[in-house]
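S.K.: Let me begin by handing over the structure; questions about it come next.
Every number here is computed from the coordinates shown, using simple stated rules; none is lab data. Keep in mind that this is a model prediction, so the values were computed, not measured. Here the Cβ positions follow ideal geometry from the backbone for every residue, glycine too, while neighbour counts run over all protein chains shown.
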Amino acid sequence: MNSAPDKVTPQGRRPVRVGVVDESELVTTGVEGMLAQHSGRVAVVEPEVAEVVLCDPVGRSLDIEAYLADVARRTHGRVVVYTWRLDQGSVRRAVSAGAQGFVSKAVPADELVRVVELVHRGGTVEAPAPTLAARDSLSVREAEVLSLICRGRSNLEIAAELYVSVNSVKTYIRQIYHKIGVARRSQAVAWGIERGY
C-alpha cells in the first residue's frame, strides 16, 4: 500500500485516500485490485493516513458499537462499513455508532468508489447499496455466494468470507442452482458472469 498518494488529477484533485482495516490479505488485495482501475479518484493507503476507512464490524467477537469505537481510536478517516451482511439491524447499529457509510462487498468497483467519494465529501450512505439480489429472485446471501463463485472462490473460502459453515455454503449453492436452473458450478459461473455477478 502507498503511504500517501501525491499525484494530482488534471482537474487539480488528489485521489481520496482509502484504508482497509482488520481484513484478511485476500480482502485487502481484492480491494486494492478493484480500486486500481480508478486510481485517479481513489488510492489505497495505510489506515492511519486514510481519509475514508473500510471495515467490517459485523460478526466479530466485539459488538458493532465497541468495534467501531476502536476503529475510531486507531484511525482518523470517515468510516464505511464494508460487509457481506446487510441486515437492517446491523445497518442501524453501525450508523448509530458513527459509521458514515454501509456498503455490500458484492458491489462492483465503480459503486464502491461512488460511496467512498460521497462519504469523503461529508455525505452518508445510511442503507445498503443496491445489490444484484433483487434480480432473478435470489436472496441477498445467495447473490453474495454466487458473486464469490464467479470470482473463483472455493466453498471453504466462501464459508470463511461469510462467517458461515461449509455445509451452509453448499445449501446456498443448491438453492442457487435450483433457482437459476443449472446443474453444475461451471454453468452457474457462466450464468452469473452473463448477468454481471
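S.K.: Quick check on packing: order 184-193, 153-162 by the mean number of other C-beta atoms within 10 Å, highest mean leading.
M.R.: Numbers: 184-193: 14.7, 153-162: 17.4.
The densest-packed peptide leads the list: 153-162, 184-193.
S.K.: Oh, and also: From the phi angles alone, apply the Karplus equation (6.51, -1.76, 1.60; θ = phi - 60°) to segment 90-107 and give each ³J(HN,Hα) in whole Hz, x where the residue is Gly or Pro.
M.R.: 5, 4, 4, 5, 5, 5, 4, 7, x, 5, 9, x, 8, 9, 6, 5, 7, 6
S.K.: With θ set to phi - 60°, apply the Karplus curve 6.51 cos²θ - 1.76 cosθ + 1.60 along segment 28-38 and write out the HN-Hα couplings as whole Hz, x wherever there is a Gly or Pro.
M.R.: Values, residue by residue: 4, 5, x, 5, 4, x, 4, 7, 4, 6, 10 Hz.
S.K.: Something else: So what are the ³J(HN,Hα) numbers for segment 108-119, from phi and the Karplus equation (6.51, -1.76, 1.60; θ = phi - 60°), rounded to whole Hz, Gly and Pro as x?
M.R.: For segment 108-119, the Karplus-derived couplings read x, 4, 5, 6, 4, 4, 4, 5, 4, 5, 4, 5 Hz, x marking Gly and Pro.
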